[in-house]
Amino acid sequence: MVKFGHHLVLCLCVVDCVLCFSELHSLITTYTGIHGQTVAGIPEFSAVTTLDGRQIDYYDSDKGTLVPRQDWMKEFASRDTWKKDTKIREQVQKIYKNNIPHLMKRFDQTHGVHVYQRMYGCERDDETGDSRGFDQYGYDGEDFITLDLRKGRYNTSVPQATVTVEKWNNDRTQLDSLTEYYRNECSYWLRVFLKKSFVVKKGPDVTLLQKNSSSPVVCHATGFYPSAVTITWRKNGQDHNNVKIGDTLPNEDGTFQKNATLNVLQDVWKKDQYGCVVEHINLTDPIQKILTEDEIKSNNKSTIPTWVYIILAFIAFFMFVFAIILWKYRNEFKSGESYDLL
């Protein structure tokens, strides 16, 4: 994972944009160029567009085609704009292949694996109607160049990027075009895609999970939409800090999931009251799961109720008795049979 700006970006990117409980939506495209020996299955160049964290289209240097990732996106794949977007990605692929060696020279690098990324798009708050665009470049996981839309110019704190920033800032036509895109066109497409991808708003299902008695307990929330959710562990009614909060990840049905892991041994949490509290905009009241052995779903613990085992035991016992009676009956019947058939 590489990091630049205020977003986390995977090499084959899934971007997570969450802002508490406001109805924040995002449309983000991420270009990733890799120079050097790459791991099998990871292309030298990829382009991913996400809508609220879900991939809606994908392109890479291995396939060479722009592929819709959602069924409703297939409608757009038949339009002329799709061909245009494909050509843009082909051009960017060539540009990135040429740019990375130049960047390596600026940073006095002669070998190794190096990553050049651009992440651009817009976010919109449905409650306020406010929207904002952004355009960020990163190199080897660090901030490289950022577009300041308010001032209409690029900024950098990296000396190796100064030459590029000066060149881009002198191109007023390109800057004006980008400013127009981020302020209007991007927000327009965001609203269009949201209508096409409508997902019913729903609250999360919450489960406490544990692999075995020596493993940490995971509070797993899933099936919620929109993606903003808060998960906290509490000890005796107070927020507990020894917790690992996972990323919010998309499900195949358009909803989301998130984990919060309690790093406390079982012998310890049995002495106090621990609970997982989940808050979401579609919940009237927070969901609270008190940590007990009965509440945990574990690989080592059967989820079948005890009474089921009792019934099965009785059935097995009666079948055993019936088998004995049947065996005796058959033996008695055979003793009276005639052997004339021989």
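Fully extending the segment from residue 205 to residue 88 would add 38.0 nm, taking 0.36 nm per residue of separation and subtracting the current Cα-Cα distance.
Once fully extended, how much extra length lies between residue 97 and residue 192, figured as 0.36 nm per residue of separation less the alpha-carbon to alpha-carbon distance? If you can, show how the numbers build up before the last one.
Values: separation 95, 0.36 × 95 = 34.20 nm, distance 3.28 nm.
Value of the extension gain: 30.9 nm.
With a Förster radius of 22 Å applied to the beta-carbon distance between residue 292 and residue 251, the computed FRET efficiency rounds to 0.20. Computed over the alpha-carbon atoms, the range 2-196 gives an Rg to Rh ratio of 0.95, Rh here being the Kirkwood radius from the mean inverse distance. In straight-distance terms, cross-link reach from residue 289 covers every one of the aspartates and glutamates whose alpha-carbon lies under 17 Å from its own, apart from those fewer than eight places away in the same chain; here that gives 205, 239, 272, 279. Straight-distance candidates among the lysines for linking to residue 83, with alpha-carbon spacing under 23 Å and chain neighbours fewer than 8 residues away dropped: 63, 74, 94, 97, 195, 196.
Length gain on complete extension for the stretch residue 215 to residue 127, per 0.36 nm per residue less the alpha carbon to alpha carbon distance?
Details: separation 88, 0.36 × 88 = 31.68 nm, distance 4.12 nm.
In short, 27.6 nm is gained.
For residue 151, a cut-off of 19 angstrom between C-alpha atoms picks up these lysines, skipping any fewer than 8 places away in its own chain: 167.
Distance from the Cα centroid of the range 50-83 to that of the range 230-291 is 35 Å (rounded to whole angstrom).
Since every read-out is calculated from the coordinates, none of them should be taken as a lab result. Values in this document were obtained by computation on a predicted structure and should not be read as measured data. So basically every Cβ, Gly included, is an ideal-geometry build from the backbone, and we count neighbours across all protein chains shown.
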